[in-house]
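Just so you know, all these numbers are worked out from the coordinates, no wet-lab data involved. Here the structure is a predicted model, which means the values were calculated and not measured. Backbone-built Cβ (ideal geometry, glycine too); neighbour counts: all protein chains shown.
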Amino acid sequence: MSMINYASREINCKLVYYGPGLGGKTTNLEHIYGKVSPNTRGKMISLATETERTLFFDFLPVDLGTIRGFKTRFHLYTVPGQVYYNASRKLILKGVDGIVFVADSQIERMEANVESMQNLYDNMAEYGYDLTKIPFVIQYNKRDLPNAAPIKDLQASLNPGWPIEEATRQKVAPDPAHPGENLVDKVGGEWVGRAAYHEAVAVRGDGVFDTLKAVSKLVLKTLS
Amino acid sequence: MAGAASWSFNENDFKQIQTHLQAFLRDSNARCALLVDRNGQLVATVGETPQFDPTNFASLTAADFSANDQLAKMIGEAEFASLVHQGERESMYMADVAKRVILVVLFDQRATLGLVKLKAKAVVGELNKVFEEMFNRVGSGQAQQKGLLEGAEDEIDKLFG
């Protein structure tokens, strides 16, 4: 739920980083915190356990600059990835404008990824939000690890696509980040849409800003 | 619903909110009043300028209120419409406004909890009216938002260099 304040000329949007435990959600925020000028970001707060596992959420406000005379403020949140924190995880989704799903590319974590993605769909549905209709980007993290699954397999499991029913959207939409691939395509006579995806190594910062940029653009596009 | 609905408020709404909150602070002797939306975004601050980071404060307030909402449901209550956190010197009182916004009142020994609660009840009634009116305007609000950021993609690209 973006909030436009005409009095202070600010647009506030909420982005949530979702995904399985230890997948790199907090690392994404930490990298952004470290790289963005202190003038354009607030303090990062982490409600974490003693072992640095996210208990409730991490929060980082970032100003992306001024557009049309409005200051654009993005509030970045992570959720606790561990399965048993679902009650608090669900709370953070309230009023979300855009989602980044941080998947752990390691083959061993495939099941945890799928479970978390299903949990995201379920939690969104409980709020009446449709994940296929809001800004949604998938980040395949930890691409540097030797046991990282091929992108093709990750896409098949986590981003198989959804049917596009609106006639106006039934046209091929190329994926700007991956030449030769499409975000909307005709597969076996059916129109199918997919979430945009980015590869990342969040500990090094690779792909972190590409992901943030992609989801922010989608969010601001919903206001245009 | 595809996603959460947006809302917007204009200068006039802001002035009304300020007027109500200033009167409330005068009557209750509280130091500062903040309005935070349920998603953790700061809407307004009136009274003494807080010494903390208001953005962080707002996100924690919303999380605190939401967590307590769930706790209320677990014990069979529809909601906790207000919450109190009492410290040795500084205290805070939080109350729901129009189910979308939280009024946060910061007060010290110069004010009493009883008076804050009493006066807050009245100002919450006034704020409810202001916000209900604002939300009823959603149609026109969205019309204003449409086109607000047309062509913003290029500008976003520039922002990220």
**OP:** Only bridges with both residues in the range A:18-125 count here: give the DSSP antiparallel percent, nearest 5.
**Re:** 95 percent
Subject >> Ranked packing of A:200-208, A:31-39, most packed first, by mean Cβ within 10 Å >> reply: A:200-208, A:31-39
Subject >> Value of [θ]222 nm, deg cm²/dmol, for chain A, DSSP H segments ≥ 4, -39500 (n - 2.57) each, nearest 500 >> reply: -8000 deg cm²/dmol
**OP:** Mind scanning A:K71/A:K94; A:K94/B:K73; A:K35/A:K152; A:K14/A:K213 and naming the pairs with a C-alpha gap bigger than 20 Å?
**Re:** A:K71/A:K94; A:K35/A:K152
Subject >> Rounded to whole Hz, the Karplus (6.51, -1.76, 1.60) HN-Hα couplings of the range B:41-55, x for glycine and proline >> reply: 9, 6, 9, 7, 10, 10, x, 4, 6, x, 8, 9, 6, x, 5
Original post:
If you count, for every residue in A:3-16, the Cβ atoms of partner chains within 10 Å of its Cβ, what is the mean?
Top reply: 6
Subject >> Antiparallel DSSP beta bridges within chain A, percent to nearest 5 >> reply: 55 percent
Original post:
Which whole number gives the average, over all residues in B:55-66, of C-beta atoms from other chains lying within 10 Å of the residue C-beta?
Top reply: 5
**OP:** Using a 10 Å cut-off on Cβ atoms, rank the peptides B:81-92, A:135-146, A:185-196 from the highest mean neighbour count down.
**Re:** A:135-146, A:185-196, B:81-92
Subject >> the range B:1-75, relative contact order in percent, only Cα pairs under 8 angstrom and at least six apart counted >> reply: 22 percent
Subject >> Ranked packing of A:153-159, B:56-62, most packed first, by mean Cβ within 10 Å >> reply: B:56-62, A:153-159
Subject >> Shielding by partners - mean other protein chain Cβ count within 10 Å, residues of A:88-99 >> reply: 4
**OP:** Determine the distance separating the Cα centre of the range A:105-138 from the Cα centre of the range A:1-46; give it in Å without decimals.
**Re:** 20 Å
Original post:
Can you run phi through the Karplus equation (6.51, -1.76, 1.60; θ = phi - 60°) for the range A:208-224 and list ³J(HN,Hα) in whole Hz, with x for Gly and Pro?
Top reply: 5, 6, 4, 5, 4, 5, 4, 6, 5, 4, 4, 5, 5, 5, 5, 9, 9
Subject >> Dipole axis of the range B:11-159 (+1 Lys, Arg; -1 Asp, Glu on Cβ), positive-most option in B:Q109, B:G47, B:L127 >> reply: B:Q109
Original post:
Roughly what % antiparallel, to the nearest 5, for the DSSP beta bridges in the protein assembly as shown?
Top reply: 65 percent
